[in-house]
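A short write-up of the structure that comes next.
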């Protein structure tokens, strides 16, 4: 539903987007990450026809953003970081205005507004003017306006800005539900939000895509050595030689003194399936396994590795 090929955009001597390519199919929620100035916003503005690219191609829902911008706009819902809402209008009045602009027949507007209000949890505030709402509820109004024409593609820039923890959970759930049938690209600086919401992650830095994959795939690619902790009830004199001679284990370090017949070790390996191998090793040697844990990098650590420092 989103196809980008060799997309480039410059501002004078500054290259904001440098020949990037990626695809996002229907039914996928993709987190679009990058530090400030990496090219995220420029890319999203090109996809939503706010900016033209210098070269390359971007297609949304089968339509070219340069030659068919009107068709693209009909098929997308775009929520910028600060929702562009009119403070002097009531919620229903504003959503009716948006529906009219979107070309929704008057006979359908009431049901469309009702569904958008229900999905975004605006019911308790429905009688208020937008200017009376908290920042979080104004964000909900912006999301409702984004959904009102039932777009095929959603482009969301920091959609949970200003929401309280309960509201964040509700909006994340909504995005996941929407993502089952639509294409969603989500830009945010809240990395746990990506882990909780997105099927896949794209990371952009200095205008180029530096990583693409699920959180687990990115973690494994960035991990290098794997650190695994194992505790077993058994004699160290018997346990340590077995661990040291096991293929793929590069280093065995005892973590603390033996207590109550239990020995605890940290193992260094590059084997991403080491936990399963250690389980079978324990069974084969009649060890009582009391701990087996592999330390993995967080998405925040992966992001830092890929984006920190100079080009």
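The values are calculated or read from the model by the stated rules, or taken from the named source; none is laboratory data. In this text the structure is predicted, and so the values were computed from the model without any measurement. Heads up, the Cβs are rebuilt from the backbone with ideal geometry, glycines too, and the neighbour counts pull from every protein chain shown.
Here are a few things to note about the model shown:
- Applying the criterion of being in contact with a helix residue (DSSP H, G or I) (Cβ under 9 Å, 6 or more places away or on another chain) and not in a helix (DSSP H, G or I) to the residues of segment 279-294, the residue that is farthest from residue 236 (Cα to Cα) is 294.
- Test: residue 110 is touching a helix residue (DSSP H, G or I) at 6+ places or on another chain (Cβ under 8 Å), free of Cβ contacts under 8 Å to residues at least 40 places away in the same chain and farther than 19 Å from residue 193 by Cβ: no
- Scanning segment 66-85 for residues that are within 22 Å of residue 158 (Cβ to Cβ) and not in a helix (DSSP H, G or I) gives 76, 77, 78, 79, 80, 81, 82, 83, 84, 85.
- Residue satisfying all of: in segment 203-227; surrounded by 20 or more Cβ atoms within 10 Å (Cβ to Cβ) and touching a helix residue (DSSP H, G or I) at 6+ places or on another chain (Cβ under 9 Å); farthest from residue 303 (Cα to Cα) among these: 226
- From the list 107, 187, the one residue that fits, being assigned by TED's automatic domain parsing to the domain that holds residue 78, within 21 Å of residue 61 (Cα to Cα) and modelled with pLDDT of 90 or more, is 187.
- Some residue of segment 47-65 being in contact with a strand residue (DSSP E or B) (Cβ under 8 Å, 6 or more places away or on another chain) and assigned to a helix (DSSP H, G or I): yes
- Taking segment 153-183 as the range and being over 17 Å from the mean Cα position of the chain (by Cα) and either assigned to a helix (DSSP H, G or I) or buried (at least 18 other Cβ atoms within 10 Å of the Cβ) (or both) as the test, the residues that pass are 163, 165, 166, 167.
- Number of residues in segment 121-139 that are closer than 17 Å to residue 177 by Cβ and modelled with pLDDT of 90 or more: the value is 1.
- The lone exception for residue 12 - which of (1) buried (at least 18 other Cβ atoms within 10 Å of the Cβ); (2) over 17 Å from the mean Cα position of the chain (by Cα); (3) modelled with pLDDT under 95 it fails: (1)
- Scope segment 194-217; condition part of a helix (DSSP H, G or I) and at pLDDT 85 or above; matching residues: 194, 195, 196, 197
Conditions (1) outside any helix (DSSP H, G or I); (2) touching a strand residue (DSSP E or B) at 6+ places or on another chain (Cβ under 7 Å); (3) loosely packed, with under 11 Cβ neighbours inside 10 Å, marked per residue:
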residue: 239; (1), (2), (3): no, yes, no
residue: 247; (1), (2), (3): yes, no, yes
residue: 256; (1), (2), (3): yes, yes, yes
residue: 266; (1), (2), (3): yes, yes, no
residue: 277; (1), (2), (3): no, no, no
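- Here residue 4 does not fit the description of being in contact with a helix residue (DSSP H, G or I) (Cβ under 8 Å, 6 or more places away or on another chain), more than 19 Å from residue 175 (Cα to Cα) and modelled with pLDDT under 95.
- Residues of segment 8-34 that turn out to be more than 26 Å from residue 299 (Cα to Cα) and either assigned to a strand (DSSP E or B) or touching a residue at least 12 places away in the same chain (Cβ under 8 Å) (or both), as a count: 6
- Residues that are part of a helix (DSSP H, G or I) and surrounded by 15 or more Cβ atoms within 10 Å (Cβ to Cβ) within segment 184-193 comprise 191, 193, listed in sequence order.
- Residue 93 vs. criteria under 28 Å from residue 162 (Cα atoms), surrounded by fewer than 19 Cβ atoms within 10 Å (Cβ to Cβ) and modelled with pLDDT of 95 or more: yes
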